[in-house]
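To start, the structure itself, in structure tokens.
The values are calculated or read from the model by the stated rules, or taken from the named source; none is laboratory data. If you're wondering where the values come from, they're calculated on a predicted model, not measured in any experiment. Reconstructed Cβ throughout: ideal geometry from the backbone, glycine too, with neighbour counts over all protein chains shown.
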Amino acid sequence: MSVSLSGGRLLSHRSSRSPDARPDDLVLRELGYKQQLTRRMTAFGNAGASFTVISILSGCMTMYGFGMATGGPAVMMWGWVAVGFMVLFVGAGLAEVTSAYPTSGALYFMAHKLGGKKWGWYTGWLNLLGLLGAIAGIDYGCAQFTAAFLNLQFGLVASPGTTFVIFLVILLLHAVLNLQGVQLVSLLNVVSVWWHLAGVAVIVGALLLVPSHHQSPSFVFTTFVNDTGFSSTWYVALVGLLVAQYTFSGYDASAHLSEETTNAQVAAPRGIMRAIVWSWGAGFVLLAGLTFAIQDYTTIQHADVPPAQIFHDALGPEAAKALLLLVIAAQLFCGNAGTAACSRMIFAFSRDRALPGWQHWQRVSRGTPRAAVWLSVAVAAVLVLPSLYSATAYGAVTAINVIGVTPAYAIPIFLRIKNQRRFKAGPWNLGRWGVPVGVVAVMWVAFVTVLFCLPQHDPISIDTFNYAPIALVVVLAVATVWWWLAKRTYAVPTGRTDRDLADLEREVI
């Protein structure tokens, strides 16, 4: 029997092992795919990808103003501790399944293997639109911080058009960097880890040492602020948890880059866990440093970019500009890693014929899915286009990100619990703790998904409306319509069978 290849998928299915084959490539073949991407990413680079996409210098900074109104310092600080702890359960559950299925398709491939075709399909669409929303949200946030820097440096008053042009330049930069190959992406991820950690140290050090006035520990850890319009303290505190939950997303990047990572069955799950732990610790320090340095709460709360105002008030304009550059560079790293993860998802989903024009997006040139990279940044640009006309558009983009990615994390974990007999653990696993950890993870994701859909301000208007429920409905509607059009062509390999043993041996040898 000969081997037939289509778009990197093994259409004949086999299962064997050869001592001459690279273990990573062999694992990929056992899952039904041919190695097409360049496998040059180290374990540290893989962890750096997830750490970079989480990016505390992006998420914490862009959401800080939201947190100041929804619970204030107390909810931001203790919410970070609580949410980080719960995300460890989600990360561990996802890491265990990643070890068993280390492919670029990641979440949707896991869901397909454990639950079937429809589970994989809907998980894939949720994950994909979430990743596209992440690129849009990260890079537009970076554009806003860049505009704030230009205002301090040159007095430029940024209009929606100016910010959008900056956003397009950032998208183009990330496309060009990703087209250079996975080795550069991996190197940038490694640099990003140290940049983020050093950046937090510099920012917090400056905010603690330079200002003559600091808030008290009582203010930082116990002050509750409610500027939402709701009267319920508990409700506002729960909504305030979204500062941390929004930041703790994107760690599936390690899974999406597993086909380019050496020793992927161990390195990718470890990358997920390392990224969460590093972010948990460094993020707490960053939030504490910012909050201790607040000079005037009301002024900062109503600033266009509250962290930039904190820098300005506490350190002066020159130091503020320097720290803004630190943050902007970190956000550039973040968007670049997010583009890499999203393009690999597009490549994998197209390889299995799930996207319109899949023949084009699955193409690989010099080990990189170049067309998928361009599609990633192009769709991100379209998602942010309404920001030219509406100030609420960025909130809608953020909703697309969180409401897509967050539920998608829980689906493979849920199916691993539901179909335990179908799940064959990889070398990184939780053993007998897999099911209880998974149950906690699924319950937490269900809880925060509801939080993402709740109203966040009262009264509700077009400027304060929470677009997350609409985003969820739109994603599921698009997935359903396309399912009926493409379900006959959509095909995920089932893996190899013993009948193909001889062919694989001949090919490997």
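Taking the numbered list (1) under 25 Å from residue 181 (Cβ atoms); (2) touching a helix residue (DSSP H, G or I) at 6+ places or on another chain (Cβ under 7 Å) in turn, residue 324 passes all entries but (1). Scan the stretch 237-259 and tell me whether some residue there is over 19 Å from the mean Cα position of the chain (by Cα), surrounded by 20 or more Cβ atoms within 10 Å (Cβ to Cβ) and under 30 Å from residue 131 (Cβ atoms). So far as the stretch 237-259 goes, yes, one or more of its residues are over 19 Å from the mean Cα position of the chain (by Cα), surrounded by 20 or more Cβ atoms within 10 Å (Cβ to Cβ) and under 30 Å from residue 131 (Cβ atoms). Inspect all residues belonging to the stretch 91-105 and state whether any of them is in a helix (DSSP H, G or I), modelled with pLDDT of 95 or more and over 24 Å from residue 437 (Cα atoms). No: zero hits. When we screen 143, 148, 175, 158 for residues that are surrounded by 15 or more Cβ atoms within 10 Å (Cβ to Cβ), of a type outside the set (Asp, Glu) and not in a helix (DSSP H, G or I), the only hit is 158.
Here's the yes/no breakdown for (1) in contact with a Phe, Trp or Tyr (Cβ under 9 Å, 6 or more places away or on another chain); (2) of a type in the set (A, V, I, L, M, F, W, C); (3) at pLDDT 95 or above:
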residue: 174; (1), (2), (3): no, no, yes
residue: 177; (1), (2), (3): no, yes, yes
residue: 180; (1), (2), (3): no, no, no
residue: 184; (1), (2), (3): no, yes, no
residue: 190; (1), (2), (3): yes, yes, no
residue: 198; (1), (2), (3): no, yes, yes
residue: 201; (1), (2), (3): no, yes, yes
residue: 212; (1), (2), (3): no, no, no
residue: 216; (1), (2), (3): yes, no, yes
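Among the residues of the stretch 337-368, those identified as farther than 12 Å from residue 37 by Cα and among the aromatic types (Phe, Trp, Tyr) are 349, 358, 361.
The conditions of being β-branched (Val, Ile, Thr), part of a helix (DSSP H, G or I), more than 16 Å from residue 270 (Cβ to Cβ) and at pLDDT below 95 are met by residue 62. Being modelled with pLDDT of 95 or more and either of a type in the set (Gly, Ala, Ser) or out of contact with any helix residue (DSSP H, G or I) (no Cβ under 8 Å at 6 or more places or on another chain) (or both) is a property that does not hold for residue 45. Within the stretch 145-158, can you find the residues that are out of contact with any Leu (no Cβ under 8 Å at 6 or more places or on another chain) and under 21 Å from residue 63 (Cα atoms)? Result: 146, 151. Checking each residue of the stretch 212-229 against the condition of being surrounded by 18 or more Cβ atoms within 10 Å (Cβ to Cβ), within 22 Å of the chain's Cα centre (by Cα) and part of a helix (DSSP H, G or I) gives no match. For the stretch 360-401, residues that are outside any helix (DSSP H, G or I) and farther than 20 Å from residue 127 by Cα total 10.
Table: residues versus (1) surrounded by 24 or more Cβ atoms within 10 Å (Cβ to Cβ); (2) more than 23 Å from residue 137 (Cβ to Cβ); (3) over 19 Å from the mean Cα position of the chain (by Cα).
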{"residue": "36", "(1), (2), (3)": "no, yes, yes"}
{"residue": "42", "(1), (2), (3)": "no, yes, yes"}
{"residue": "48", "(1), (2), (3)": "yes, no, no"}
{"residue": "52", "(1), (2), (3)": "yes, no, no"}
{"residue": "58", "(1), (2), (3)": "yes, no, no"}
{"residue": "69", "(1), (2), (3)": "no, no, yes"}
{"residue": "76", "(1), (2), (3)": "yes, no, yes"}
{"residue": "81", "(1), (2), (3)": "no, yes, yes"}
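You will find that of 118, 113, the residue that is more than 23 Å from residue 434 (Cβ to Cβ) and either in contact with a Lys or Arg (Cβ under 6 Å, 6 or more places away or on another chain) or of a type in the set (Lys, Arg) (or both) is 118 and no other.
Here's the yes/no breakdown for (1) among the hydrophobic types (A, V, I, L, M, F, W, C); (2) touching a residue at least 60 places away in the same chain (Cβ under 8 Å); (3) farther than 28 Å from residue 106 by Cβ:
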position	(1), (2), (3)
236	yes, yes, yes
239	yes, yes, yes
254	no, yes, no
258	no, yes, no
265	no, yes, no
272	yes, yes, no
279	no, yes, no
294	yes, yes, yes
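Cβ separations smaller than 9 Å between residues 6+ apart or across chains give no pair from the stretch 406-430 residues that are free of Cβ contacts under 8 Å to residues at least 24 places away in the same chain to residues that are among the hydroxyl-bearing types (Ser, Thr, Tyr) and assigned to a helix (DSSP H, G or I).
Exactly one residue out of 404, 426 is in a helix (DSSP H, G or I) and surrounded by 15 or more Cβ atoms within 10 Å (Cβ to Cβ): that is 404.
Could you list all residues from the stretch 382-395 that are touching a residue at least 60 places away in the same chain (Cβ under 8 Å) and crowded, with 18+ Cβ neighbours inside 10 Å? Once the filter is applied, which keeps residues that are touching a residue at least 60 places away in the same chain (Cβ under 8 Å) and crowded, with 18+ Cβ neighbours inside 10 Å, the stretch 382-395 yields 383, 384, 387, 394, 395.
Per-residue answers, yes or no, for (1) at pLDDT below 95; (2) in a loop (DSSP other than H, G, I, E, B); (3) within 26 Å of residue 395 (Cα to Cα):
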| residue | (1), (2), (3) |
| --- | --- |
| 231 | yes, yes, yes |
| 239 | yes, no, yes |
| 243 | yes, no, yes |
| 246 | yes, no, yes |
| 249 | yes, yes, yes |
| 259 | yes, no, no |
| 269 | no, no, no |
| 272 | no, no, no |
| 276 | no, no, yes |
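For the stretch 451-465, a residue qualifies if it is within 22 Å of the chain's Cα centre (by Cα) and in a loop (DSSP other than H, G, I, E, B), and exactly one does: 454.
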